[in-house]
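Novice: To start, I am sharing the structure in question, which I have written as structure tokens.
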Amino acid sequence: MSSITAAAGRPSAISADIDALWDHRAGLTPADTEARAVVLDAIGLLDAGLARVASVDPETDQVVVDERAKRAIMLCFSVLDMEESSAGPFRHHDRLPLKTSFAGVRVVPGAVARWGSHLAPGVVLMPSFTNIGAYVGSGTMVDTWATVGSCAQIGKDVHLAGGVGIGGVLEPANARPVVVEDDAFIGSRSVIVEGARVRRGAKLGAGVLLTASTRVFDAETGAELPSGEAPAWSVCVSSTRTKQFPGGEFGVPCLLVIKRLPEGGTHDKLLLDSVFRTHGVAV
């Protein structure tokens, strides 16, 4: 079997032993101590931020998936036993333990992060859930009841507002995770799934639904932009477009870019609030 790499010329940080285990995964059990050790080492690298499930290649500007890292996560469910654990008065029964290392991270009571997720110093976790394989960059706030799904990649200085749902993905192995880049803002109750991408500095209003197939339009020009992406340094809101079906004409969700922001600038929250309010959207 050929070696799995994160990108051409960039080998995976995860041991190639994962490939061999993957080929024989049907026969693996928690009794396979050698296999268990290999998988635990791989997940430990993800937990420490020394390996990542996905990242943006600076040369191609494409999201590159490390399939071996995803395979290591899926192998956990074959080689780890169900075990009881506790956090304060709460009791859990699962194959995956909770994360135990939070150096430089503020963890508010009620926040849950699974082992194998990486939280960089400066992250703030309000009562929320972060799943295995997720990466959260420094200075980011995961606000109350927000969810960071498995393998999702969240950049630095991002704000995931209350109730935001960042979708997770494990299978198929080469499926692209959601990527939210540095300096982004995701408004309350927004849902970003199916490998959608929020580019750097984008600000999304409340209740936005962004999937890989969501069509994106510029409100000023009417131009259609790449599907499944919130453009860099833009302010975006949820909208609808009409589409003809056999049963009639119906509104289909889309993403509307209502304003462009200066690239690389810092943006006053009151100014952003004013932009959203002008278009009848809450933050």
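Novice: Give me the dipole magnitude in Debye, nearest 20, for the chain about the Cα centre, with unit charges on the beta carbon: positive for Lys and Arg, negative for Asp and Glu. Provide the component values of the computation, followed by the final result.
Specialist: Numbers: 26 positive and 31 negative charges, 138 e Å.
Here the size comes out at about 660 debye.
Novice: Helix-only estimate, please: 222 nm mean residue ellipticity of the chain, summing -39500 (n - 2.57) across DSSP H runs of length 4 or more and dividing by its residues, to the nearest 500.
Specialist: Estimated from H runs of four or more residues: -5000 deg cm²/dmol.
Novice: Rank by packing, highest mean first: peptides 194-200, 36-42, 103-109, with packing defined as the count of other Cβ atoms within 10 Å averaged across residues.
Specialist: Per-residue Cβ counts within 10 Å, averaged per peptide and sorted highest first, yield 194-200, 36-42, 103-109.
Novice: Here's a follow-up. Going by alpha carbons, how many degrees (0 to 90, nearest 10) lie between the helix axis of 33-48 and the longest principal axis of the chain?
Specialist: 30
Novice: Provide the percentage of antiparallel DSSP beta bridges, counting only those with both residues in the chain; round to the nearest 5.
Specialist: 40
Novice: Taking Cα centroids, how far is region 199-247 from region 23-77 in Å?
Specialist: 33
Novice: Follow-up. Under 14 Å from a point placed 7 Å out from the Cα of F77 along the Cα-to-Cβ direction: which residues of region 139-160 have their backbone N that close?
Specialist: 150-151
Novice: Between 0 and 90 degrees, rounded to the nearest ten: what's the tilt of helix 269-278 against the longest Cα principal axis of the chain?
Specialist: Helix 269-278 and the main axis of the chain meet at about 60 degrees.
Novice: While we're on this one: Note down the net charge around A87, summing +1 for each Lys or Arg and -1 for each Asp or Glu among other residues with Cβ under 15 Å from its Cβ.
Specialist: Neighbourhood net charge equals 0.
Novice: Counting Lys +1, Arg +1, Asp -1, Glu -1, what net charge surrounds E263 among other residues with beta carbon under 14 Å of its beta carbon?
Specialist: Numbers: positive: R199, R200, K203, K259, R260; negative: E181, D182, D183.
With Lys, Arg at +1 and Asp, Glu at -1, the net is +2.
Novice: If you line up the long axis of helix 67-79 against the longest principal axis of the chain, both from Cα atoms, how many degrees apart are they, to the nearest 10?
Specialist: Helix 67-79 sits at roughly 50 degrees to that axis.
Novice: May I pose another question? Go through 185-192, 235-242 and give me the packing order, highest mean Cβ count within 10 Å leading.
Specialist: Per-residue mean Cβ counts within 10 Å order the peptides as 185-192, 235-242.
Novice: Measuring from label point to label point, each 7 Å out along Cα→Cβ, what is the E84 to A103 span in nm?
Specialist: The modelled label-to-label distance comes out at 3.3 nm.
Novice: Defining a contact as two alpha carbons under 8 Å apart and six or more residues distant in sequence, what relative contact order in percent does the chain show? Before the final figure, lay out each step's value.
Specialist: Details: 732 pairs, mean separation 27.2, N = 283.
Computed value for the chain: 10 percent relative contact order.
Novice: Mind sorting F245, F217 by how few other Cβ atoms lie within 10 Å of their own Cβ, fewest first?
Specialist: F245, F217
Where a number appears in this text, it was derived from the coordinates with a stated rule and is not lab data. What you see is a predicted model, and the numbers here were worked out from it, not measured in a lab. Please note: Cβ atoms are built from the backbone with ideal geometry, for glycine as well, and neighbour counts cover all protein chains shown.
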